[in-house]
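Here is the structure we will look at.
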Amino acid sequence: MAAKTSRVVQCYHCRHRFEVGQSAESTNCPGCNQRVIVGDIVVKALMPTARVQTCGRVVVKKKGRINAELVEAHDGLEMLGGLTASVLCGGLVVIGPGAKWNGDCQAHSLEIKPGAKIEGGVFEVPADSLGLNDLPGRPVVRK
């Protein structure tokens, strides 16, 4: 079986869908010409910023912390450190043991491990939080 050489992503600026190489980290959206991160973002230290957005995953390591208005991760979010933000996620959000969470979360699915500290926020688990379910290669979600 031949390895896939591309995948379809959805721009988080204009929601245009397009193909990127399987190993691409970033590109310009052909719909709006804005820069789009398509690879994973790994946070190992304090990251104060307005937005953290990717078509991939966001991983916050134990010593990592995100202070932002918005975190948007199309393929999932793994939280082992700290987060103060509103989160939109098209995949699984895992809040690990020892993690500190403060903010709203809208995600495809959610797992909170024992020892995680939820300091505030509203959690929603809609069937398709970002409208990504019909992208090729995404798992089928039953409503």
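Since every read-out is calculated from the coordinates, none of them should be taken as a lab result. These figures come from a predicted structure and were not determined experimentally. Ideal geometry is used to build each Cβ from the backbone, glycine not excepted, and the neighbour counts take in all protein chains shown.
Things worth noting here:
- Angstrom value of the Kirkwood radius, inverse mean 1/r, which spans all Cα pairs in region 1-49: 12.2
- Less than 5 angstrom separates the built amide H of residue 65 from those of 45, 46, 47, 82, all sequence-distant by 5 or more or on a different chain.
- Hull shadow area, averaged, the chain [alpha-carbon convex hull, nm²]: 9.1
- In a fully extended conformation the segment linking residue 18 and residue 102 would gain 26.9 nm over its present Cα-Cα distance, using 0.36 nm per residue.
- Trypsin sites (Lys or Arg not before Pro) within region 1-38: DSSP coil, no more than 13 neighbouring Cβ in 10 Å: 4, 15
- Site pair residue 8 and residue 44 shows an inter-label distance of 3.6 nm when each label is modelled 7 Å from Cα along Cα→Cβ.
- Unmatched cysteines, the chain - criterion: no other Cβ of a Cys under 4.7 angstrom: 55, 89, 105
- FRET efficiency estimate (nearest 0.05) - Cβ-Cβ, residue 63 to residue 122, R0 25 angstrom: 0.40
- Shown in residue order for region 104-112 are the 3J(HN,Hα) couplings computed by the Karplus curve 6.51 cos²θ - 1.76 cosθ + 1.60 at θ = phi - 60°: 6, 9, 10, 9, 5, 7, 9, 9, 10 Hz (x for Gly and Pro).
- Our analysis of region 67-120 gives Rg over Rh at 0.92, with the two radii drawn from alpha carbon positions and Rh computed by the Kirkwood formula.
- 12 Å beta-carbon shell around residue 62, net charge (K/R +1, D/E -1): +4
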